1. Picking from Val76, Val40, Val63, which residue would you name as being out of contact with any Asp or Glu (no Cβ under 6 Å at 6 or more places or on another chain), more than 20 Å from Ile195 (Cβ to Cβ) and of a type in the set (Val, Ile, Thr)?
2. Among the residues of the range 190-204, is there at least one that is surrounded by fewer than 19 Cβ atoms within 10 Å (Cβ to Cβ) and free of Cβ contacts under 8 Å to residues at least 24 places away in the same chain?
3. Give the residues of the range 198-234 that are under 13 Å from Met186 (Cα atoms) and touching a helix residue (DSSP H, G or I) at 6+ places or on another chain (Cβ under 8 Å), sorted by residue number.
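Derivation of every value follows stated rules applied to the coordinates shown; laboratory data play no part. Please read all numbers here as calculations on a predicted model, not as lab measurements. As a convention, Cβ positions derive from the backbone with ideal geometry for all residues, glycine included, and neighbour counts pool all protein chains shown.
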Amino acid sequence: MAGITRFISDLHLSAERPASTELFLDFLGREARQGEALYVLGDLFEYWIGDEAAAQEEFRPIVAGLRAAVDAGLPVFVMHGNRDFFMGRGFEHASGCRLLPDPTRIDLYGTQTLLTHGDALCTADTEYLAFRAVVRNPEWQRQMLARSAPERDALFRNYRDLSKLSTAKKRPEIMDVTQEAVESLMRSHGVHDLIHGHTHRPMEHRFVLDGRPARRIVLGDWYEQGSVLRCSAKEWRLETRPLTAARVQSSKFKVQS
């Protein structure tokens, strides 16, 4: 379908969530191909040890599904999340996707729109931001990639488990974005429209930025259902896809253009 661009994030695909993987592959094979482009705004995978992961059994069908969609004519753009920031040129080559810097500004049917994963906006979570600064450091990444793939796999699984324990102890509001960070980022990029993921709290937020209407759209995760932002020149609509079927269910969130 011409004139439709879709945005998703926080799929956290792995062997532990086969229903999510099945839904995503069905989405890639049918619905997504009927649009102009697909943007994945971070955490496509539960973890990514480096581009050797493209050959791992649990991720190989996903990479193949992405390649098939791209070869069929669908441009797919992928942004790093806080779980899969080691995706690189090897991932691009295997999947056919194009990696985007975070943040990225695009022209979305005449609306200048900023895209980001969203984790850097959670400025109240100082513990996480300190960890993020370490793992995004090029020297730390170089040293990590010098380790063997099995060693990295074990380390990343351990990091994931530690992250879950840390998250369980934090107040929900600590792990959300702050309005000050949102406005600062939007202002610095000259936009009044922002799309992000990370917080797993799908919603439209309207506010005033420098005297003009502004909006922030938060994408949902793919744990219990699929979450898709469907954009055209006429409207932006957050929709859900049930894990048990490929049919579309419009959610209660309708984003007015």
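1. Only one candidate passes the filter, namely Val63.
2. No, every residue in the range 190-204 fails to be surrounded by fewer than 19 Cβ atoms within 10 Å (Cβ to Cβ) and free of Cβ contacts under 8 Å to residues at least 24 places away in the same chain.
3. Phe207, Leu209, Asp210, Ala214, Arg216 - these are the residues of the range 198-234 that are under 13 Å from Met186 (Cα atoms) and touching a helix residue (DSSP H, G or I) at 6+ places or on another chain (Cβ under 8 Å).
Residues checked against (1) under 21 Å from Leu108 (Cα atoms); (2) over 17 Å from the mean Cα position of the chain (by Cα):
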position: Arg6; (1), (2): yes, no
position: His12; (1), (2): no, no
position: Glu16; (1), (2): no, yes
position: Thr21; (1), (2): no, no
position: Asp26; (1), (2): no, yes
position: Ala32; (1), (2): yes, no
position: Gly35; (1), (2): yes, yes
position: Leu38; (1), (2): yes, no
position: Leu41; (1), (2): yes, no
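Conditions (1) out of contact with any Lys or Arg (no Cβ under 9 Å at 6 or more places or on another chain); (2) among the hydrophobic types (A, V, I, L, M, F, W, C); (3) in a helix (DSSP H, G or I), marked per residue:
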| position | (1), (2), (3) |
| --- | --- |
| Ile106 | yes, yes, no |
| Gln112 | no, no, no |
| Glu127 | no, no, yes |
| Phe131 | yes, yes, yes |
| Glu139 | yes, no, yes |
| Met144 | no, yes, yes |
| Arg147 | yes, no, no |
| Leu155 | no, yes, yes |
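Matching residues to (1) part of a loop (DSSP other than H, G, I, E, B); (2) closer than 29 Å to Ala146 by Cα; (3) free of Cβ contacts under 8 Å to residues at least 24 places away in the same chain; (4) not β-branched (Val, Ile, Thr):
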{"residue": "Asp10", "(1), (2), (3), (4)": "yes, yes, no, yes"}
{"residue": "Thr21", "(1), (2), (3), (4)": "no, no, no, no"}
{"residue": "Val40", "(1), (2), (3), (4)": "no, yes, no, no"}
{"residue": "Ala54", "(1), (2), (3), (4)": "no, yes, no, yes"}
{"residue": "Val63", "(1), (2), (3), (4)": "no, yes, no, no"}
{"residue": "Arg67", "(1), (2), (3), (4)": "no, yes, no, yes"}
